[in-house]
Amino acid sequence: MVNKKRQELFSIVLGIILFMLLLVPYIMAAFYANLSADDWMNIAKVNGENGNGVLDKTLLWVTDIYLNWQGTYSGSFFTGFGGMIYQYGGGMRWIHIEYAFAIILFFITFFALILRLLRTILGPEYKKGIACISATLMMFIILHDYNVSEVFFWHTGLCMYTLPICAGLMMFSLLLNERKNRTVTLICSLLALISVGGALNIAAAVCFGCLSYLVFVYVKKENYIQSIIIFVFAVMGAMINVAAPGNYTRHSGNGDGFNIVSSIQYALMGVCKRNIGFCIGYSMPFLFLIALLLYNFVLRAKLPTFNPIIMGLVFIALEAIIDFPVYLGYSSDFFPVRCEFLSRIVSITLMLLWLIDFISWYGEKWGRTIDINRQFVVLTFVIILIACTPFWHSEEAKSYFPVRIYLDLASGELRKYENANQMILEALTNAENEDVVIEVYEYSNVEYMEPLRLSDDPNYWVNRGMLSYFSNVKSISVNYK
């Protein structure tokens, strides 16, 4: 008994250490980030509203966006409110804190959801230590080759995508909690409303997630009234988002028509490409390790099984449904990096469920338990690291984003990026009703950070847009040497 407790404690500590190693570089990078492109225009537009005070101006701006641009009511609120805090004295320090807060919130809410999901599925066989390691490995698979610039270090993207996603993750964690009462139902309903007020693919994911959980509790013959209430709130919020006049004004202004058939094809192809990418290359050893860690506990839980092929096809269809609004909105095969963030979260979560089902299915036919202890876990992890040794010493390893952030912090590359941005912004702030031409001799293009996006062309849309914020300037031109 004492030995098992030590093994559990060891696993929890190992999981937390790995979790912090992955989280820390993103938090540190947040304090070098900046505002970019649309951010300055949004601040100027919110500040230009005829309201009194931060909240009044923000609400007026949300209404304007809803009527003329898009239905993302909660994302627009976060964007406007954060911009007003910056304008009213918060400055760049507020933006840095907001970035760091959102990053921490995402890590914690995703981590908590995976732990709660495994507890719900495994029941008495649930082990917190193994769940911690599995959740951290899943986080690594999501982030290791994903450029987070548009969801962590771009204020508009963070407000429209990351914060609503965090609200959804938090809602599902509470939904899976065994203790359900009116307070939990109210909180989940509010979180659902916030989450579906982000981008439309988030609304689709939350609604389908709530519907799936409703079916789950109904089949288990549990009290499903609370699940119905939360689902209704999610659908209501999604309908408010979809019904926004701005969605159709904006789309008609682009001159594109809706092509449903092509959008379905693009969604299916995108899902297949993403999942194949997870299953080959250097994500595969970590997926294998997750399966190995969960193997015995899944077998002992004696879960109901489904045909893995059919379940895989169902999951692919679900992912395609979530991606579909994006392809339909752009009427092409273009899929923005910021939209990929949610898709990767959904993919890796469904992949975990598929692995659990596959283990149960395999165990029913041929499986038998294996002895997993602390030495076995460490040895397996070391073997995987050794197997990846050629990778870790390659240029490809240095291109993986958590590694790259550590390297850029150590080399001072992020400091150079921050200094160049500050120099440009100071020049614009200190200008006095003049045409500003800025010569930049050293600008670090840090891929996972959003640049200011200013051009040497004064008529470029970002240059012209920033004039709405820097009203003391006639025109802006930035020459990068």
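The values are calculated or read from the model by the stated rules, or taken from the named source; none is laboratory data. Only a predicted model underlies this, so the values are computations on that prediction, with no experimental measurement involved. Reconstructed Cβ throughout: ideal geometry from the backbone, glycine too, with neighbour counts over all protein chains shown.
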Quiz item: Given (1) surrounded by fewer than 17 Cβ atoms within 10 Å (Cβ to Cβ); (2) at negative phi; (3) part of a helix (DSSP H, G or I), where does Thr79 come up short, assuming only one miss?
Solution: (1)
Quiz item: Looking at the stretch 214-233, is at least one residue in the same structural domain as Asn68 (by TED's automatic domain parsing) and within 30 Å of Lys45 (Cβ to Cβ)?
Solution: yes
Exercise. Check the stretch 24-37 and report whether any residue there is assigned to a loop (DSSP other than H, G, I, E, B), in contact with a Leu (Cβ under 9 Å, 6 or more places away or on another chain), at positive phi and in contact (Cβ under 8 Å) with a residue 12 or more places away in the chain.
Key: yes
Quiz item: Only one of (1) assigned to a strand (DSSP E or B); (2) surrounded by 13 or more Cβ atoms within 10 Å (Cβ to Cβ); (3) in contact with a Lys or Arg (Cβ under 9 Å, 6 or more places away or on another chain) fails for Glu439. Which number is that?
Solution: (2)
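Could we say that Met28 is farther than 25 Å from Phe101 by Cα and either at pLDDT 85 or above or of a type outside the set (Lys, Arg) (or both) here?
Details: farther than 25 Å from Phe101 by Cα: no; either at pLDDT 85 or above or of a type outside the set (Lys, Arg) (or both): yes.
Criteria not met by Met28.
Among the residues of the stretch 446-463 satisfying the criterion of being closer than 23 Å to Ala33 by Cα and free of Cβ contacts under 8 Å to residues at least 12 places away in the same chain, which is surrounded by the most Cβ atoms within 10 Å (Cβ to Cβ)? Give the steps one after another, and end with the answer.
If we filter the stretch 446-463 for residues that are closer than 23 Å to Ala33 by Cα, which is where we start, we get 446-456, 460-463.
Still in the running and free of Cβ contacts under 8 Å to residues at least 12 places away in the same chain: 460-461.
Working: Tyr460: 16, Trp461: 13.
If we take residues in the stretch 446-463 being closer than 23 Å to Ala33 by Cα and free of Cβ contacts under 8 Å to residues at least 12 places away in the same chain, then Tyr460 is surrounded by the most Cβ atoms within 10 Å (Cβ to Cβ).
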Quiz item: Looking only at residues in the stretch 442-481 that are touching a Lys or Arg at 6+ places or on another chain (Cβ under 9 Å) and among the β-branched types (Val, Ile, Thr), which one is nearest to Leu428 (Cα to Cα)?
Solution: Ile476
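Mind checking which residues of the stretch 209-228 are crowded, with 17+ Cβ neighbours inside 10 Å and within 26 Å of the chain's Cα centre (by Cα)?
Of all residues in the stretch 209-228, those crowded, with 17+ Cβ neighbours inside 10 Å come to 209-210, 213-214, 217, 224, 226-227.
Hits for the stretch 209-228 are Gly209, Cys210, Tyr213, Leu214, Ser227.
Restricting attention to helices (runs of 4 or more DSSP H) lying wholly within the stretch 351-418, give those where 3 or more residues are at pLDDT below 80. It would help to see each step written out before you state the result.
Working: elements: 374-387, 389-392, 395-399, 401-411.
Answer list for the stretch 351-418: 374-387, 389-392, 395-399.
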Quiz item: For the stretch 82-98, does any single residue satisfy the condition of being at pLDDT 90 or above and of a type in the set (A, V, I, L, M)?
Solution: yes
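Scan the stretch 398-405 and give yes if some residue there is outside the structural domain of Ile27 (by TED's automatic domain parsing), surrounded by 15 or more Cβ atoms within 10 Å (Cβ to Cβ) and aliphatic (A, V, I, L, M), otherwise no. Break it down stepwise before answering.
Here is the first cut: in the stretch 398-405, the residues outside the structural domain of Ile27 (by TED's automatic domain parsing) are none.
No.
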Quiz item: When the stretch 144-173 is examined, which residues are found to be part of a helix (DSSP H, G or I) and under 28 Å from Asn296 (Cβ atoms)?
Solution: Leu169, Phe172, Ser173
Quiz item: Has the stretch 48-63 got any residue that is surrounded by 16 or more Cβ atoms within 10 Å (Cβ to Cβ), assigned to a helix (DSSP H, G or I) and within 23 Å of the chain's Cα centre (by Cα)?
Solution: yes
Quiz item: Taking interchain pairs and intrachain pairs at least six residues apart, which have beta carbon atoms under 8 angstrom, with the first residue in the stretch 280-291 and within 10 Å of Leu137 (Cβ to Cβ) and the second among the aromatic types (Phe, Trp, Tyr) and modelled with pLDDT of 80 or more?
Solution: Phe286/Phe140
Quiz item: Which condition number in (1) out of contact with any Gly (no Cβ under 7 Å at 6 or more places or on another chain); (2) hydroxyl-bearing (Ser, Thr, Tyr); (3) surrounded by fewer than 22 Cβ atoms within 10 Å (Cβ to Cβ); (4) modelled with pLDDT of 90 or more is the one that Tyr66 fails?
Solution: (1)
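For residues that are within 20 Å of the chain's Cα centre (by Cα) and surrounded by fewer than 18 Cβ atoms within 10 Å (Cβ to Cβ), tally how many sit in the stretch 1-21.
Result for the stretch 1-21: 2.
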Exercise. Give just the number: which of (1) outside any helix (DSSP H, G or I); (2) among the acidic types (Asp, Glu); (3) under 30 Å from Ile130 (Cα atoms) does Glu8 not satisfy?
Key: (1)
Practice problem: Examine the stretch 225-238 for a residue that is of a type outside the set (D, E, K, R), more than 30 Å from Phe77 (Cα to Cα), in a helix (DSSP H, G or I) and modelled with pLDDT of 80 or more, and state whether such a residue exists. | Solution: yes
Quiz item: Could we say that Glu450 is outside the structural domain of Leu318 (by TED's automatic domain parsing), modelled with pLDDT of 80 or more and either under 30 Å from Leu318 (Cβ atoms) or not in a helix (DSSP H, G or I) (or both) here?
Solution: yes
Quiz item: Say we look at the stretch 286-338 and pick out the residues that are touching a Ser or Thr at 6+ places or on another chain (Cβ under 7 Å) and not in a helix (DSSP H, G or I); which of these is surrounded by the most Cβ atoms within 10 Å (Cβ to Cβ)?
Solution: Leu303
Quiz item: Got a sec? Which of Lys416, Lys474 is of a type in the set (Lys, Arg), out of contact with any Gly (no Cβ under 7 Å at 6 or more places or on another chain) and over 16 Å from Ala30 (Cα atoms)?
Solution: Lys474
